[in-house]
Amino acid sequence: MKSKRVFRTEFIELASFLVASGHEAKIFKNPLEKRAIFEFIETDDLLKAIVSYEGGSPLPAKRLLNVRSQLFREASQVVKGGVGL
């Protein structure tokens, strides 16, 4: 059985862009710090979205802000409780 590769980031702006682009994130607490880790299943589409983000590709601002607010709330709960979403 082949295991799935994952991409992890602590940067909420990148995570927001990826979620707003249609990718699902799981959120975990970094065991060494009080920070959230956003984890995505690595696919070709995810890698293309990361390249788009790095290249400055725009998404609608309102969608990005809404996703960022949602991820911030969820990440705060995970960091406080130490449970992944």
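Here, each number is a calculation from the coordinates, and none is a lab measurement. Please read all numbers here as calculations on a predicted model, not as lab measurements. Neighbour counts are summed over all protein chains in view; Cβ atoms, including those assigned to glycine, are modelled from backbone coordinates with ideal geometry.
Look at region 37-55: where a residue is within 11 Å of Phe7 (Cβ to Cβ) and a partner is basic (Lys, Arg) and exposed (fewer than 13 other Cβ atoms within 10 Å of the Cβ), sitting 6+ places away or on another chain with Cβ atoms under 6 Å, you get Ile41/Lys4; Glu42/Arg5. Just so you know, in region 10-27 the residues that are small (Gly, Ala, Ser) and within 8 Å of the chain's Cα centre (by Cα) include one that is farthest from Ser69 (Cα to Cα), and it is Ala25.
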